[in-house]
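Below you'll find the structure, written out as structure tokens, and then a few comments.
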Amino acid sequence: MLRTLFLQVHLYLGLITGLVIAVVCFTGAVLVFEEEIEHALNPEFYFVEAQPQRLPLKEVRTRLETSLPGDTVTSVTVYADPNRSLQFRSTEGARVFANPYTGAHLGTSVYRETFLYTVFALHRWLLAGDTGKLIVGTCTLLFLLILISGAWVWWPRNRNQLKARTRITRKRGWKRFNFDLHVSLGIYATVFLFIFAFTGLAWSFEWFHNGIYKVTGSEQIRTEPPLSVYPTDAHPVSWDTVLHQARTVIDDAPSYRISAPRDSVATFSVRALPEGAPHPQASSTIYLDQYTSEVLSVQHFADRNLGSRVRGTFYPVHVGTIFGWPTRILAFIACLLGATFPITGTLIWYNKRSKRWKSQWQKRKEKRESEA
């Protein structure tokens, strides 16, 4: 009885949400390798030929702002890799790329105008704003029920079932092959898809986001950065000085993102990933006085409260970067499989319905013939 109930839940929720789940899973698979795709599409923006001497950041910034009339840059990301370009961010929201050795302007990109942003928008809200966001969130919630009910119905109960349901055969026709694609691959992918769907709810629903802090007994607090001491006769230090000071705190980061002060009493902030960080999002933020470059405070990921650390871990888990390339590959494969399950599941349903319709039609035909 319970198995029948779960089978009905699995079937009808799958039919209702199938198209949305297929789109979200497929776009999620693409976004796992978003950075690599972007680099492949525009290598001239991201990579340069290493040279013996870099130009000062101040000089590169001045050259860029000369080529960007009416705009200024507010931050820069400096990579430890000598073959990577400098990536500036402008007040207009554009990414501006420059050669760190020659100061040449390599190109400008606005993320919202790129192909990958369209993929991202499909993944998050189906290109339909708040309505699409609600649809994606609701379908993701239902997807959790689909995965649970599918696991209950199809999970192997004994050794014979384990052998039958964890392998794919082509010897028994395309219908059986399609069934194996749905059930056998589903058994392998269910746990991973559940994790990705569960963590994705944090971006769809405010109540889920807030619930993370309630469950962990943590407050949602935003730590205010310290302030610079504003002397009337001083000028802000250079970005090169800020970078040098940040490296005295964290000297082995793969990159440093320097953000300029927003006003006369704000600080420089530098985000960097220290060695031994638990995941790629566990960066530290260094705050420096804009006039003296004195390090005023350092906020490490480990210093956050439990709720903030858990919430901060959702993104690397969701996109598969939590343990580097192995989990990224797993995320890519699981998401691709997730995009196929609505298709194979619908075919299973259609084949059974078609067989039933043919049987009913044959019975009616035989009845008419017997009455004649």
If you go through the stretch 195-205 one residue at a time, do you hit one that is within 18 Å of the chain's Cα centre (by Cα), of a type in the set (Val, Ile, Thr) and part of a helix (DSSP H, G or I)?
-> yes
Within the stretch 81-100, of all residues that are of a type outside the set (D, E, K, R) and in contact with an Asp or Glu (Cβ under 8 Å, 6 or more places away or on another chain), the one nearest to Val48 (Cα to Cα) is Asn83
Check His279 against each of (1) over 22 Å from Ile21 (Cβ atoms); (2) buried (at least 18 other Cβ atoms within 10 Å of the Cβ); (3) modelled with pLDDT of 95 or more and name the one condition it does not meet.
-> (3)
Restricting attention to the stretch 260-267, does a residue exist that is of a type in the set (A, V, I, L, M), closer than 30 Å to Thr72 by Cα and not in a loop (DSSP other than H, G, I, E, B)?
-> no
Take the residues in the stretch 75-93 that are open to solvent by 10 Å² or more (accessible area, probe 1.4 Å) and either within 23 Å of the chain's Cα centre (by Cα) or without any contact (Cβ under 8 Å) to a residue 24 or more places away in the chain (or both), then tell me which one is farthest from Thr267 (Cα to Cα).
-> Arg84
Based on what the data block shows, is Leu288 open to solvent by 30 Å² or more (accessible area, probe 1.4 Å) and farther than 30 Å from Leu181 by Cβ?
-> no
Can you run down the residue pairs with Cβ atoms below 8 Å, 6 or more apart or on separate chains, where the first is in the stretch 23-45 and over 22 Å from Ala339 (Cβ atoms) and in contact (Cβ under 8 Å) with a residue 60 or more places away in the chain and the partner is open to solvent by less than 60 Å² (accessible area, probe 1.4 Å) and aromatic (Phe, Trp, Tyr)?
-> Phe45/Phe97
Looking at the stretch 106-132, which of its residues are buried (at least 17 other Cβ atoms within 10 Å of the Cβ) and of a type in the set (D, E, K, R)?
-> Arg124
Enumerated strands (runs of 3 or more DSSP E) restricted to the stretch 54-122, each holding at least 2 residues that are under 18 Å from Ile258 (Cα atoms) and not polar (S, T, N, Q) = 73-79, 86-90, 95-98
When only residues in the stretch 35-92 that are in contact with a helix residue (DSSP H, G or I) (Cβ under 9 Å, 6 or more places away or on another chain) and among the aromatic types (Phe, Trp, Tyr) count, which is farthest from Pro254 (Cα to Cα)?
-> Phe45
Would you check which residues across the stretch 329-347 are open to solvent by 30 Å² or more (accessible area, probe 1.4 Å), touching a residue at least 40 places away in the same chain (Cβ under 8 Å) and not aromatic (Phe, Trp, Tyr) and list them?
-> Leu330, Ile333, Leu336, Leu337, Thr340, Ile343, Thr346, Leu347
Over the stretch 152-187, the set of residues within 20 Å of Arg3 (Cα to Cα), part of a helix (DSSP H, G or I) and open to solvent by 100 Å² or more (accessible area, probe 1.4 Å) is Trp152, Arg159, Asn160
Selection within the stretch 220-251 - over 25 Å from the mean Cα position of the chain (by Cα), open to solvent by 70 Å² or more (accessible area, probe 1.4 Å) and among the charged types (D, E, K, R) | Glu224, Asp233, Arg247, Asp251
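The values are calculated or read from the model by the stated rules, or taken from the named source; none is laboratory data. Here the structure is a predicted model, which is why all the values come from computation and not from measurement. So basically every Cβ, Gly included, is an ideal-geometry build from the backbone, and we count neighbours across all protein chains shown. These area figures cover heavy atoms from the full protein model, side chains too; ligands, DNA and RNA do not enter into them. Shrake-Rupley method; radii C 1.70, N 1.55, O 1.52, S 1.80 Å.
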